[in-house]
Ligand code: MG
């Protein structure tokens with residue numbers, strides 16, 4: 001039996017790689033539906049034809065896509081991905097970037113679909129909501145760090161975890177002392193991973209690691225005091241778990257998202273040759289170093305937001321989405337990104353801790369965060 005997949009964000013980096021896995025393993029997987037924003041209609045149309053999907057969800061360019069795909073049901077509008085996520089299947093891969101991925105995650109869980117989660121913002125913006133709906137083994141990590149931790153924990157007892165240690169490549173500015181003059185082009189050039197633009201900027205600020213600490217807290221139920229991050233420039237060890245007896249288990253493979261994507265799609269099985277293994281005929285040097293918290297204050301800020309809980313991580317993420325866009329648009333400096341996020345968290349601190357009961361609570365707090373961040377962008381840019 002092939003496993004039926006629904007792929008959200010199919011034209012993005014994760015979606016494209018997932019479809020390459022499907023193409024290479026037709027006996028294991030088939031695709032029933034795709035969704036994408038629609039800003040790359042040609043690719044979406046080509047994907048729908050190649051994988052003979054029955055349903056396509058799209059936010060824009062729906063008429064163009066409908067015309068090109070006779071016989072395919074095209075769902076359009078801002079909630080298209082959420083509707084597609086609720087189609088009954090074996091696994092929904094959520095490869096959407098940003099907290100707009102939260103509603104589709106919830107819809108997929110409610111429809112009893114398993115969710116392979118690459119959209120870390122689902123957990124950052126709505127961790128409590130997602131956890132309250134997810135059954136055991138219904139939510140599987142795709143983020144490479146979390147996949148590594150998940151793999152290291154197979155067969156282990158949660159009570160014997162001493163620490164989760166996330167690795168971070170350190171991004172392009174790991175060794176750069178003055179970050180004030182960083183350009184957009186420099187920030188978009190990641191040394192080890194090829195990813196979408198938002199994740200790449202977040203890797204340069206280390207905001208991504210902050211988001212991933214929050215993601216790890218929700219996925220594995222480990223307190224923030226027991227989650228750390230360490231710089232590992234080679235990106236071969238994807239993360240580690242330290243146990244109470246002083247033993248550490250690490251997961252390693254050359255940087256390639258096809259490993260974690262394929263495991264989440266095929267779990268509990270592994271997809272043969274999903275990714276190239278480490279070549280032991282060559283010499284390797286792997287470095288590990290603590291994060292310079294003065295140059296990269298984002299990790300501590302994320303940890304603070306996580307500890308506040310409630311809506312604080314959602315504020316952190318939404319403000320960062322605004323600040324990243326402002327940086328890409330040339331409105332603010334690279335170093336302003338974290339200052340803007342920090343200012344938003346401070347400004348909204350009184351309401352931050354309140355519990356998020358539903359999606360509208362998340363939207364309300366995100367709206368406050370975005371407005372506050374936009375005001376900061378104006379002040380900084382003036
Ligand atoms: Mg990651």
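Here are the numbers for this structure:
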read-out	value
Members of region 45-67 that are surrounded by 13 or more Cβ atoms within 10 Å (Cβ to Cβ) and either under 24 Å from the mean Cα position of the chain (by Cα) or touching a residue at least 24 places away in the same chain (Cβ under 8 Å) (or both)	45, 47, 48, 51, 55, 56, 57, 58, 59, 60, 62, 65
Single residue of region 352-382 satisfying the filter (in contact with a helix residue (DSSP H, G or I) (Cβ under 9 Å, 6 or more places away or on another chain) and in a loop (DSSP other than H, G, I, E, B)) that is modelled with the lowest pLDDT	353
Condition check for residue 125: assigned to a strand (DSSP E or B), crowded, with 21+ Cβ neighbours inside 10 Å and under 14 Å from the mean Cα position of the chain (by Cα)	no
Pair list, Cβ under 9 Å, 6 or more apart: region 140-161 residue over 12 Å from residue 212 (Cβ atoms) and away from the ligand (no atom under 16 Å from the Cβ), other residue assigned to a helix (DSSP H, G or I) and modelled with pLDDT of 95 or more	153/220; 158/220; 161/220; 161/226
Test result for residue 122, within 16 Å of the ligand (Cβ to nearest atom) and without any contact (Cβ under 8 Å) to a residue 60 or more places away in the chain	yes
The lone exception for residue 116 - which of (1) more than 19 Å from residue 210 (Cα to Cα); (2) more than 15 Å from the ligand (Cβ to nearest atom); (3) buried (at least 23 other Cβ atoms within 10 Å of the Cβ) it fails	(2)
Answer residue from region 86-98, given it is touching a residue at least 40 places away in the same chain (Cβ under 8 Å) and surrounded by fewer than 24 Cβ atoms within 10 Å (Cβ to Cβ) and is nearest to the ligand (Cβ to nearest atom) among those	97
Residue list for region 208-234, filter: within 14 Å of the ligand (Cβ to nearest atom), in contact with a helix residue (DSSP H, G or I) (Cβ under 8 Å, 6 or more places away or on another chain) and more than 12 Å from residue 303 (Cβ to Cβ)	208, 215, 219
Residue 24 vs. criteria touching a strand residue (DSSP E or B) at 6+ places or on another chain (Cβ under 7 Å), closer than 24 Å to residue 264 by Cβ and surrounded by 15 or more Cβ atoms within 10 Å (Cβ to Cβ)	no
Helices (runs of 4 or more DSSP H) enclosed by region 135-225 - at least 2 residues per element that are surrounded by fewer than 18 Cβ atoms within 10 Å (Cβ to Cβ)	184-187
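For every residue, the table says whether it meets (1) surrounded by 15 or more Cβ atoms within 10 Å (Cβ to Cβ); (2) part of a loop (DSSP other than H, G, I, E, B); (3) touching a strand residue (DSSP E or B) at 6+ places or on another chain (Cβ under 8 Å).
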| residue | (1), (2), (3) |
| --- | --- |
| 277 | no, yes, no |
| 280 | no, yes, no |
| 302 | yes, no, no |
| 313 | yes, no, no |
| 318 | yes, no, no |
| 324 | yes, no, no |
| 332 | yes, yes, no |
| 342 | yes, no, no |
| 350 | no, no, no |
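The values are calculated or read from the model by the stated rules, or taken from the named source; none is laboratory data. If you're wondering where the values come from, they're calculated on a predicted model, not measured in any experiment. Glycine also receives a Cβ, built like all others from the backbone with ideal geometry; neighbour counts cover every protein chain displayed.
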